[in-house]
Amino acid sequence: MSQAEFTISDSKVICYFDTSFTQISRIVPPENLIVVTDENIDGFYGHLFLPFRKIVIAPGENNKNRAGADFIIDRLIEMEADRSTLVLGVGGGVVTDLTGYAASVYKRGIRLAFAPTSVLAMVDAAIGGKNGLNTGFLKNIIGTTYQPEFILFDYNFLTTLPAVEWESGFAEIIKHACIRDMQMFETLERLSLHDYRQDASLLASLVEENVKLKMQIVLEDAYDRDLRLLLNFGHTIGHAVENLHAIPHGHAISIGMVAACNLSEKSGYLHFEEAQRVVRLLERYHLPVDLETEPARVFEILKSDKKRDGGFMNFIMLQGIGNGMIVPVEISFLEENISAVL
Ligand SMILES: NC(=O)c1ccc[n+]([C@@H]2O[C@H](COP(=O)([O-])OP(=O)(O)OC[C@H]3O[C@@H](n4cnc5c(N)ncnc54)[C@H](O)[C@@H]3O)[C@@H](O)[C@H]2O)c1
């Protein structure tokens, strides 16, 4: 068990790493706590939530919308939640996004905390204070920025996480290593998904490093408004691919990272051998590196990306492994090269 504290725009966020969920009553009085979770987590871990009031939502990305948020807000009203109430999102990124949003707008903001249960939520979705709701095909178009008081990391939750969700989480971990941390990249090259699933202490230190890396980017972003864009490495083309094909998010991001490496190589920022190293690492973590797709349709979706600014789009490239950078790319350059990089 270890603890770290971060101050983001005047909000203090405490991370309780490697801490059993059962310790929660020592952090918050049970009568003040409302757990928000999804049906899957509740099925496995409902016994842990018995001392608390609880809101259970339907699982899945399709429920991460205004109706899902309203469902939580309506239950908070019924439960007469007030400013002393702490809403604790226990789940993957869908639960943390929905809970974060609902807590930020209900009574203009009540107390919030997270206990992430997926690798992706531990290293990414629960960190940074952003939350997002989808509407139709538009992902994360509605949202607020609202920090949790604390985040509790209990790695025991991961024993029930499906294999494909482990892979999705590792896609984001590899993304972090690519944009910021060559040493983490080399460690990942040395180990395997199997190692991390078997050895809780290896996983614990990897999660901590990733949390600190993302927190650092969020903190630096307070001064440099664009830095957070680095976290979109692989996501611009990845989201477009995800829109077209019914593949898991992490798989789409993996394809997106390969395409971004190829574009970085074409632009002269990344050596061929380095791009190959990224591809080999993705494969090592069971992530796909190519896909039968229709590049012209991918480009059509890319054109409407929110990062587009007139004839340009801010695209995240690698200037060597461990060094992501934001490059304004002409839309016409993307159109010319999309077939070659996908
Ligand atoms: N706010 C942010 O900064 C941010 C960053 C990255 C991703 N996200 C969002 O996070 C979401 C993806 O997160 P996710 O991959 O965790 O999705 P998710 O919440 O849908 O979880 C994936 C699946 O795993 C199940 N699950 C979660 N933990 C489990 C466990 N311990 N045991 C068994 N099953 C478990 C869930 O019920 C779900 O079916 C997306 O909506 C994405 O937009 C947000």
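The values are calculated or read from the model by the stated rules, or taken from the named source; none is laboratory data. Not measured: the values here are computed from a predicted model. In this analysis, Cβ positions are derived from the backbone assuming ideal geometry, glycine residues included, and neighbour counts consider all displayed protein chains.
Values as computed for the structure displayed
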item: Verdict on Leu229 being over 18 Å from Leu287 (Cα atoms) and buried (at least 18 other Cβ atoms within 10 Å of the Cβ); result: yes
item: Given (1) part of a helix (DSSP H, G or I); (2) free of Cβ contacts under 8 Å to residues at least 60 places away in the same chain; (3) touching a Lys or Arg at 6+ places or on another chain (Cβ under 9 Å), index of the condition Ile73 fails; result: (3)
item: Criterion violated by Glu189 - all others in (1) surrounded by fewer than 17 Cβ atoms within 10 Å (Cβ to Cβ); (2) within 19 Å of the chain's Cα centre (by Cα) satisfied; result: (2)
item: Within the range 18-59, tally of residues that are away from the ligand (no atom under 16 Å from the Cβ), of a type in the set (A, V, I, L, M) and not in a helix (DSSP H, G or I); result: 4
item: Residue under evaluation Leu302, criteria (1) crowded, with 17+ Cβ neighbours inside 10 Å; (2) more than 21 Å from the chain's Cα centre (by Cα), criterion not met; result: (2)
item: Given (1) more than 24 Å from Gly43 (Cβ to Cβ); (2) more than 8 Å from the ligand (Cβ to nearest atom); (3) buried (at least 23 other Cβ atoms within 10 Å of the Cβ), index of the condition Glu172 fails; result: (2)
item: Search result, residues across the range 153-169 that are surrounded by 18 or more Cβ atoms within 10 Å (Cβ to Cβ), within 16 Å of the chain's Cα centre (by Cα) and more than 8 Å from the ligand (Cβ to nearest atom); result: Phe153, Trp166, Glu167
item: Test: residue in the range 15-36 that is among the small types (Gly, Ala, Ser) and in contact (Cβ under 8 Å) with a residue 60 or more places away in the chain; result: yes
item: Selected residue (criterion: surrounded by the most Cβ atoms within 10 Å (Cβ to Cβ)) from residues of the range 91-121 that are more than 9 Å from the ligand (Cβ to nearest atom) and β-branched (Val, Ile, Thr); result: Thr99
item: Of all residues in the range 295-305 being free of Cβ contacts under 8 Å to residues at least 60 places away in the same chain and not polar (S, T, N, Q), the one that is nearest to Glu273 (Cα to Cα); result: Pro295
item: Residue check, Ala240 of a type outside the set (Lys, Arg), more than 16 Å from the ligand (Cβ to nearest atom) and crowded, with 17+ Cβ neighbours inside 10 Å; result: no
item: Output for the range 244-257, where each listed residue is within 15 Å of Leu342 (Cα to Cα) and surrounded by fewer than 24 Cβ atoms within 10 Å (Cβ to Cβ); result: Leu244, His245, His251
item: Whichever residue in the range 245-274 is without any contact (Cβ under 8 Å) to a residue 40 or more places away in the chain and small (Gly, Ala, Ser) and, among such residues, is nearest to the ligand (Cβ to nearest atom); result: Ala252
item: Hits in the range 227-237 - residues which are more than 12 Å from the ligand (Cβ to nearest atom) and in a helix (DSSP H, G or I); result: Leu227, Leu229, Leu230, Thr236, Ile237
item: Inter-residue pairs, beta-carbon under 7 Å, first under 17 Å from Val94 (Cα atoms) and in the range 151-172, second outside any helix (DSSP H, G or I) and at pLDDT below 95, 6+ apart; result: Val164/Pro248; Ser168/Pro248
item: Residues (more than 10 Å from the ligand (Cβ to nearest atom), surrounded by fewer than 24 Cβ atoms within 10 Å (Cβ to Cβ), within 17 Å of Ala102 (Cα to Cα) and not charged (D, E, K, R)) located in the range 122-152; result: Thr135, Ile141, Ile142, Thr144, Tyr146, Gln147, Phe150
